[in-house]
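The values are calculated or read from the model by the stated rules, or taken from the named source; none is laboratory data. Computed from a predicted model, the values in this text were never measured in an experiment. Cβ atoms come from the backbone with ideal geometry, glycine included; neighbour counts cover every protein chain shown.
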Amino acid sequence: MNTDKYIAKESFTAPILCVGMTAWCIWVGCTEGWNILSVGGLVFFAVGIVIYIFKYVKYGRSVLMIDETGITIKDWHKNKLLHWDEIEKCDIAWRTAMGHCFRCLGIKTLAGKREKFHDVRLSGKLCRNRSVRQAIEKFGGTEIFDYEGSSQQNRYVVNIMIFALLAVFVFFIIYSIL
C-alpha cells in the first residue's frame, strides 16, 4: 500500500470476458454454422465490447482513492470527493441486488440534518476488504469504520448462502433417491 494514498482501480475481467466470448462465438459460427445462438452471442458480446471501449476512451477506469483528504470515488463520469469531516461511518459488506452478490463499501455522511448513503462497488475493483479497511483506519481514524455493521451484513449473506447450498444438497439427495 502506498504510504500517502490507497488506490483501487477497476479490473479488466469483464472486458476480457467479452472479448473471449466474442471470439468463441465467431469460432463456433465458423466451424458449426451460424445458428441463432452463435449470432445472438456474437451480437451481445460485441455490444459489450463497444460499451467498454466507449467507457474506457471517454471516462477511463473506475477508481476508489483513499487519502488524507477523504474518499474519492470516480465512476464513469461522476467524480465525488467525500471529506473525512463529512463521513460518519463506513462499512464493507456483501450486498445482494438483481440476483447476485457483490462487495460494497457503504459510506454514511451527514448532509445537514439528513443522512446520505453512498455505495461503492468493490467487486469490480482490484482490492481486498482488509486493505480498504486499513486505509480507512489509517487516513480517517479507527472510529469511522463500523466493525459491527460489517459483521452483521456478512453474517446475513453467509446464512443465505448456507441455506442455498443446503437446499441444493437436499434437492440433489432427493433427486438421486428417486
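Screening F139 with (1) assigned to a helix (DSSP H, G or I); (2) in contact (Cβ under 8 Å) with a residue 12 or more places away in the chain; (3) within 20 Å of the chain's Cα centre (by Cα) gives one miss only, at (3). Would you say D146 is under 26 Å from A14 (Cβ atoms), of a type in the set (D, E) and surrounded by 18 or more Cβ atoms within 10 Å (Cβ to Cβ)? Here the answer is no, as D146 does not meet what is asked. Of all residues in the stretch 109-128, exactly one satisfies the criterion of being β-branched (V, I, T) and within 19 Å of E143 (Cα to Cα), namely T109. Do we find that V132 is assigned to a helix (DSSP H, G or I), surrounded by 15 or more Cβ atoms within 10 Å (Cβ to Cβ) and of a type in the set (V, I, T) in this structure? In short, yes. Select from the stretch 63-105 the residues that are among the β-branched types (V, I, T) and buried (at least 18 other Cβ atoms within 10 Å of the Cβ) and write down the one among them that is modelled with the lowest pLDDT. Filtering the stretch 63-105 for residues that are among the β-branched types (V, I, T) and buried (at least 18 other Cβ atoms within 10 Å of the Cβ), the one modelled with the lowest pLDDT comes out as I92.
Each row is one residue, and each column tells you yes or no for (1) touching a strand residue (DSSP E or B) at 6+ places or on another chain (Cβ under 6 Å); (2) at positive phi; (3) at pLDDT 90 or above; (4) not small (G, A, S).
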| position | (1), (2), (3), (4) |
| --- | --- |
| T3 | no, no, no, yes |
| C25 | no, no, yes, yes |
| G29 | no, no, yes, no |
| V47 | no, no, yes, yes |
